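The values are calculated or read from the model by the stated rules, or taken from the named source; none is laboratory data. All figures in this text were calculated on a predicted structure; none of them were measured in a lab. So basically every Cβ, Gly included, is an ideal-geometry build from the backbone, and we count neighbours across all protein chains shown. The accessibility values were calculated without ligands, DNA or RNA, using every heavy atom of the protein model including side chains. Shrake-Rupley method; radii C 1.70, N 1.55, O 1.52, S 1.80 Å.
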Amino acid sequence: MGKARTDRYGNTREQKLINENRMLKKMIKSLRRELQKVNNYEHIRDILEGNCQEEQAQETRNVLENLKKIWACHACNEGVLEINIYSKLGESWYYRKCNSCAHRTPGKKYTSEVTGIYTQHKK
Ligand SMILES: [Zn+2]
């Protein structure tokens, strides 16, 4: 009886496979689209939360590294000079002191233009 086997819709085995294949391709396409949306969302979230903070943190580190080079202590060649602000006759004065040896600079009147590494206040 050399008749091709058909299902109840009259499709041959081959046609069935073609149809299934077509459906799977459609499914993959829509899944890819969903995945793209998720990826885009995660990308945006990264920018908003992670990457921006990371960039800012990197920028802060760069600035700090630069300051460490500028204010490297030449007395011990190990530490960096940190700004210590103190009060003198009701005015703000400062000196820079090495965080590794006893080297320090003479006191000067403090202004907002003074830049450098500020002492981390330890409790
Ligand atoms: Zn030093």
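What the table below lists for this structure:
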read-out: Tally of residues being touching a strand residue (DSSP E or B) at 6+ places or on another chain (Cβ under 8 Å), more than 16 Å from the ligand (Cβ to nearest atom) and open to solvent by less than 90 Å² (accessible area, probe 1.4 Å) across segment 108-117; value: 2
read-out: Verdict on residue 29 being open to solvent by 100 Å² or more (accessible area, probe 1.4 Å), on the phi < 0 side of the Ramachandran plot and among the charged types (D, E, K, R); value: yes
read-out: Identity of the residue in segment 95-107, open to solvent by less than 70 Å² (accessible area, probe 1.4 Å) and in contact with a Gly (Cβ under 7 Å, 6 or more places away or on another chain), that ends up farthest from the ligand (Cβ to nearest atom); value: 95
read-out: Residues of segment 33-74 satisfying the condition of being away from the ligand (no atom under 16 Å from the Cβ), open to solvent by 100 Å² or more (accessible area, probe 1.4 Å) and closer than 30 Å to residue 103 by Cα; value: 59, 61
read-out: Leading residue by the ranking (farthest from the ligand (Cβ to nearest atom)) among those in segment 75-93 that are farther than 23 Å from residue 60 by Cα and in a strand (DSSP E or B); value: 91
read-out: Contacts under 7 angstrom Cβ, first residue in segment 70-96 being under 18 Å from residue 114 (Cα atoms), partner near the ligand (Cβ under 8 Å from one of its atoms) and part of a loop (DSSP other than H, G, I, E, B), 6 or more apart; value: 73/79; 73/100; 73/101; 73/103; 80/73; 80/99; 81/73; 82/99
